[in-house]
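Following: one structure in structure tokens, then a few remarks.
Every number here is computed from the coordinates shown, using simple stated rules; none is lab data. Just so we're clear, the structure is a prediction, and the values are computed from it rather than from any experiment. Neighbour counts run over all protein chains shown; Cβ positions are idealised from the backbone, glycine included.
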Amino acid sequence: MANNIVINASHLTLSYGDTEIIKDAAFSVKQGEFVFITGPSGSGKSTLLKSLYGQIKPTAGKLVVGGLDMRTINSNKLQELRTHLGIVFQDYKLINEWTVAKNVVLPLIIAGYSMDVQETQAKRLLKHVKLSDKYGAYPLELSGGEQQRVGVARAMSKNPFLMLADEPTGNLDEYSSNVIWDLMENACGQLKTTVLVVTHRIPSVFSIPYRHFIIENKGVYEVH
Amino acid sequence: MKFIKDHLTFIFPMMAILLGIEFFLVFDRTTSSYEEGLREGYSMFIVADKELNLAEFQKLNPHISKSTPVTKDELAQEISQGISKSSSEKILQALPYFYNIKFDTYLHTSVLDSIKTSLETDERIKKVETFGNSYSASYTLFSFIKFALKAFVIFMSLVSLFLVVKQMEVWNYAHRERMQVMEIFGAPLMLRSGVLFKVATIDAVISTILTTTIFVMLKHKWAEESHLEILKQMQDLLFRPFDFFILLMTSLMIVIVSVYIVVFSTRESSQ
């Protein structure tokens, strides 16, 4: 990653069919930065986030994530890239048939870590998100806030170089939202993970420095 | 309850396919032996000026597998009863050569006609006698029964295959979210489809064992207790151990293809 740049977009265009969502956008994010992306509903926030983990391919311009060109990336490289990302979803996307512990270590299962490592890491992460007592529980037995804490723990389980979050507190009350923001601050401040969060609203209290991009009229602009 | 229903809705159509295949194998074996009987029972009678051996007959048509000369002595004796020995020898010398020829396989009547024509064109052969009418009737009836059963087996297999595909759609719905989440986190194809393979493989093995059990019972219990002579005669042909491997391989192939259809359709819909 040249000059510690984790994400680099230039003249980036994202479309659904013939409809352009993002047009000619340019921005870059360095390693260890915390970035908020805001914008009105339907402005293309989630589309931009999806393009960062390869769910949508750019239709024009350039988008480089972790040194890989997302326009030309092949499926094997994309698979490999995704194992180094941590992704948090608004609707949690936990696997309901799996226990909380197994959900947390999904990235480790994919990477082929041993059961011992998985167990140790699951205990450590669940302690970190204050859910130690939910080790053997199933996601549907948890509240929304607890499920999202499991989602954050899963995103952190393999120490990703980039954590992407799509409206992580969109479905949560204020208390649960603050817990999630604390965890993300911690991931960036202490673990030096780059965090990029798409959200409607930036939390009023945030203790670490961050950058703020806004999506308006298909463009991505930094707010200073 | 739902768990059992999910499995049975896959096992039953899979069993229908396997039963169809096994019926086909059994029918093929039993008809092969019947075909062999028909083939053995059919021959052409040849009258020739000169002595001919099998290789010479095979030059005329490669389907000819056996030629048996009909001894002229007995024939001459019958004709020359009551006449002098010298006359009898003359008759013997004047008689042509007679042959019975047989074929390597059970042939269609049109092929037999063309063989007859090709034999008659040879100047050494004076006459070819066939027994067309009875043979033709047997062949037509036999071909019709074979066709009807094959058509039934194919139809049953197709309907069952549609049911398997339907069950795949249910699985697709049930596993879609899990597979999509795993794909987002970079799981390779084999890992995210592992559960499907496991479930479907278990169901395929169960279907194979149940189908095998039915035919083993048919062979060793029902065939003996039925007092039906035809079943007893065919008992050995009803099931062979190698059939188990054919059924197992077929069911596993169906599982592999079906699971890949589910996995790839999930993948496309997530993009």
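DSSP loop chymotrypsin sites (Phe, Trp or Tyr not before Pro) in the range A:1-63 with at most 15 other Cβ atoms within 10 Å of their Cβ, which ones? Present the calculation step by step, with values, prior to reporting the outcome.
Working: sites: A:Tyr16, A:Phe27, A:Phe34, A:Phe36, A:Tyr53; in loops: A:Tyr53.
Sparse-neighbourhood loop chymotrypsin sites (Phe, Trp or Tyr not before Pro): none present.
Using only the alpha carbons, work out the radius of gyration and Dmax of the range B:43-130 in angstrom.
Rg and Dmax of the range B:43-130, Cα atoms, are 14.9, 47 Å.
Which whole-Hz ³J(HN,Hα) couplings does the range A:53-65 yield from phi under the Karplus relation 6.51 cos²θ - 1.76 cosθ + 1.60, θ = phi - 60°, glycine and proline marked x?
These are the phi-based 3J(HN,Hα) values: 10, x, 6, 10, 8, x, 8, 7, x, 10, 9, 10, 10 Hz.
Placing +1 at every Lys and Arg Cβ and -1 at every Asp and Glu Cβ, with all other atoms neutral, what dipole size does the protein assembly as shown have around its Cα centre, in debye to the nearest 20?
1240
Suppose the chain between B:Ala174 and B:Leu231 were pulled fully straight at 0.36 nm per residue; how much longer would it get relative to their current alpha carbon spacing? Present the calculation step by step, with values, prior to reporting the outcome.
Working: separation 57, 0.36 × 57 = 20.52 nm, distance 4.56 nm.
Fully extending the segment from B:Ala174 to B:Leu231 adds 16.0 nm.
Pairs of Cα atoms under 8 Å, at least six residues apart: use those to get the relative contact order of the range B:43-130, whole percent.
Values: 117 pairs, mean separation 44.0, N = 88.
Here the relative contact order equals 50 percent.
A:Glu216 to A:Tyr175: extension gain in nm, 0.36 nm per residue of separation minus the Cα-Cα distance? The partial results should precede the final answer.
Details: separation 41, 0.36 × 41 = 14.76 nm, distance 2.99 nm.
Stretched fully, the A:Glu216-A:Tyr175 segment lengthens by 11.8 nm.
How large is the charge dipole for chain A, taken about the Cα centre, if only the Cβ atoms of Lys, Arg (+1) and Asp, Glu (-1) carry charge, to the nearest 20 debye?
500
Hey, could you get me the Stokes-Einstein D for the protein assembly as shown, Kirkwood radius over alpha-carbon pairs, 37 °C and 0.692 mPa s, rounded to whole µm² s⁻¹? Don't jump to the answer; show the numbers that get you there.
Numbers: Rh = 29.6 Å.
Rounded, D is 111 µm²/s.
As a test, work out the antiparallel percent of DSSP beta bridges whose residues both lie in the range A:138-224, rounded to the nearest 5. Before the final figure, lay out the partial values.
Values: 5 of 10 bridges.
Of those bridges, close to 50 percent are antiparallel.
Collect residues whose amide H, placed 1.01 Å from N in the peptide plane, falls under 5 Å from the amide H of B:Lys66; neighbours closer than 5 in sequence don't count.
Here B:Lys102 satisfy the definition.
Looking at chain B, which longest stretch skips every one of the GluC sites (Glu not before Pro) that is in a DSSP loop with at most 12 other Cβ atoms within 10 Å, leaving the sites themselves out?
Result for the longest clean stretch: B:124-271.
Which far-off residues, 5 or more places away or on another chain, put their amide H under 5 Å from the one on A:Ile21, with H placed in the peptide plane?
Result for A:Ile21 returns A:Leu14, A:Ser15, A:Tyr16.
With r as the distance between the Cβ atoms of B:Phe162 and B:Thr201 and R0 = 22 Å, compute the FRET efficiency 1/(1 + (r/R0)^6) and round to 0.05.
0.55
If I model a spin label at B:Ser65 and A:Ile208 as a point 7 Å from the Cα along the Cα→Cβ vector, what separation in nanometres do I get?
8.3
Please name which of B:Ala55, A:Gly144, B:Leu247 has its Cα lying farthest along the dipole of the protein assembly as shown towards the positive end, using unit charges on Cβ (Lys, Arg +1; Asp, Glu -1) and the Cα centre as origin.
Of the options given, the answer is A:Gly144.
Under 1.5 on a/c is rounded, so check that first for the range A:136-188, then, if it is not, pick prolate when a/b is larger than b/c and oblate when it is not; a ≥ b ≥ c are the square roots of the alpha carbon gyration tensor eigenvalues.
oblate
Testing the spin-label approximation: label points 7 Å from Cα along Cα→Cβ at B:Val47 and A:His84. State their distance in nm.
Simple spin-label model gives 9.4 nm for this pair.
Calculated FRET efficiency, A:Asp24 and B:Tyr260, Cβ-Cβ r, R0 41 Å, to nearest 0.05? Don't jump to the answer; show the numbers that get you there.
Details: r = 40 Å, r/R0 = 0.98.
For R0 = 41 Å, the calculated efficiency reads 0.55.
Suppose we take every Cα in chain A and form the convex hull; what volume per residue is that in Å³?
Cα-based convex hull of chain A, divided per residue, equals 128 Å³.
Give the percent of DSSP beta bridges with both residues in the protein assembly as shown that are antiparallel, rounded to the nearest 5.
That works out to approximately 65 percent antiparallel.
Each residue of the range B:151-161 in turn: what ³J(HN,Hα) in whole Hz from Karplus with 6.51, -1.76, 1.60 and θ = phi - 60°, glycine and Pro shown as x?
4, 5, 5, 5, 4, 4, 5, 5, 4, 5, 5
Can you pull the mean other chain C-beta count within 10 Å for peptide B:173-185?
The shielding value for this peptide is 5.
Can you tell me how the range A:46-177 classifies by the Cα gyration tensor, rounded, prolate or oblate, using a/c under 1.5 as the rounded cut?
In terms of gyration-tensor shape, oblate.
Charges only on Cβ, +1 for Lys and Arg, -1 for Asp and Glu: so what's the dipole of the range B:14-77 about the Cα centre, in debye to the nearest 20?
120
Could you rank the peptides A:162-170, B:246-254 by their average count of other C-beta atoms within 10 Å per residue, with the highest value first?
Descending mean neighbour count gives A:162-170, B:246-254.
May I ask what percent, to the nearest 5, of DSSP beta bridges between residues of chain B are antiparallel?
For chain B, the DSSP antiparallel bridge percentage is about 100.
Quick one: which residues, 5 or more positions from A:Ile37 or on another chain, have an amide H under 5 Å from its amide H? H modelled 1.01 Å from N in the peptide plane, none for Pro or chain starts.
A:Val197, A:Val198, A:Thr199, A:Phe213
What is the distance, in nm, between label points placed 7 Å from the Cα along the Cα-to-Cβ direction at A:Val117 and at B:Leu141?
If labels sit at A:Val117 and B:Leu141, their model points lie 7.3 nm apart.
Per residue of the range B:61-66, in order, report the coupling 6.51 cos²θ - 1.76 cosθ + 1.60 (Karplus, θ = phi - 60°) as ³J(HN,Hα) in whole Hz, putting x for Gly and Pro.
With the stated coefficients, the range B:61-66 comes to 7, x, 6, 6, 10, 8 Hz.
So which trypsin sites (Lys or Arg not before Pro) in the range A:83-155 pass both tests, a DSSP loop state and at most 14 other Cβ atoms within 10 Å of the Cβ?
Working: sites: A:Lys93, A:Lys102, A:Lys123, A:Arg124, A:Lys127, A:Lys130, A:Lys134, A:Arg149, A:Arg154; in loops: A:Lys93, A:Lys130.
For trypsin sites (Lys or Arg not before Pro) across the range A:83-155 that sit outside H, G, I, E and B with at most 14 neighbouring Cβ atoms in 10 Å, the list reads A:Lys130.
How high is the relative contact order of chain B? Use alpha-carbon pairs under 8 Å, at least six apart in sequence, and give a whole percent. Mind showing how you got there, number by number?
Working: 259 pairs, mean separation 76.7, N = 271.
After rounding, I find 28 percent.
Enumerate the residues in the range B:197-232 having an amide nitrogen under 20 Å from the point lying 7 Å beyond the Cα of B:Leu252 toward its Cβ.
Answer for the range B:197-232: B:197-213.
Quick one: if the Förster radius is 45 Å, what FRET efficiency do A:Lys57 and B:Lys150 give, using the C-beta to C-beta distance and rounding to 0.05? All intermediate terms of the calculation are to be shown ahead of the outcome.
On the way: r = 49 Å, r/R0 = 1.08.
It comes out at approximately 0.40.
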